[in-house]
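The values are calculated or read from the model by the stated rules, or taken from the named source; none is laboratory data. Note that the coordinates shown come from a computational prediction; the quantities given were computed from them, not determined experimentally. Virtual Cβ from ideal backbone geometry, glycine too; neighbours counted across all protein chains shown.
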Amino acid sequence: MNSRSLAAAIAALLALPALAQDAMRGAQLYADTAKLTGRPVAACIGCHADMRALRELIANRGGHPDDATALARWLDAVISGAQPGAADAKAQYRGVLKPVDLRDLAAYIARARQAGLAGPELAGAAPR
């Protein structure tokens with residue numbers, strides 16, 4: 001395998017996590033977490049209806065609201081209690097939100113840059 005082919009193969013493998021993110025499903029999870037998970041948990045939008053405020057909160061607590069991959073890891077840390085913040089409020093999601101759910105939520109949050117808007121209508125919005 002030549003170096004050009006090797007570089008292309010590595011780039012393709014690195015892109016796989018980004019391809020696995022589904023912002024539309026993330027928007028649905030955000031709006032109706034219980035329905036999509038089948039578990040009696042609150043919807044994210046119940047506490048985080050103001051998307052701009054949520055993105056500022058993430059940034060203020062050391063997260064990266066524009067980087068879906070990093071944001072999924074940050075969300076996992078918040079829910080597990082490893083990230084300081086509202087660990088008790090997020091405990092209801094432990095064992096409920098799977099890695100794919102966190103990736104999808106992160107993809108949605110990373111794409112939802114319009115101030116004050118949240119919900120499925122932003123899932124297809126192109127990042128600014």
Quiz prompt | Qualifying residues in region 41-77 (those that are basic (Lys, Arg) and within 21 Å of Met24 (Cβ to Cβ)) - the one surrounded by the fewest Cβ atoms within 10 Å (Cβ to Cβ) | solution = Arg52
Quiz item: Before we move on, is Leu29 out of contact with any Lys or Arg (no Cβ under 6 Å at 6 or more places or on another chain), aliphatic (A, V, I, L, M) and modelled with pLDDT under 90?
Solution: no
Quiz item: Would you pick out the residues in region 78-108 that are part of a loop (DSSP other than H, G, I, E, B), at pLDDT 90 or above and surrounded by 15 or more Cβ atoms within 10 Å (Cβ to Cβ)?
Solution: Val96, Leu97
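Answer yes if at least one residue in region 2-11 is charged (D, E, K, R) and at pLDDT below 90, and no otherwise. If you could, list the steps in order and put the result at the bottom.
Step one: list which residues in region 2-11 are charged (D, E, K, R), which gives 4.
Now restrict to residues that are at pLDDT below 90: 4.
Taking every residue of region 2-11 in turn, at least one turns out to be charged (D, E, K, R) and at pLDDT below 90.
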Practice problem: For residues that are in contact (Cβ under 8 Å) with a residue 24 or more places away in the chain and not acidic (Asp, Glu), tally how many sit in region 75-96. | Solution: 6
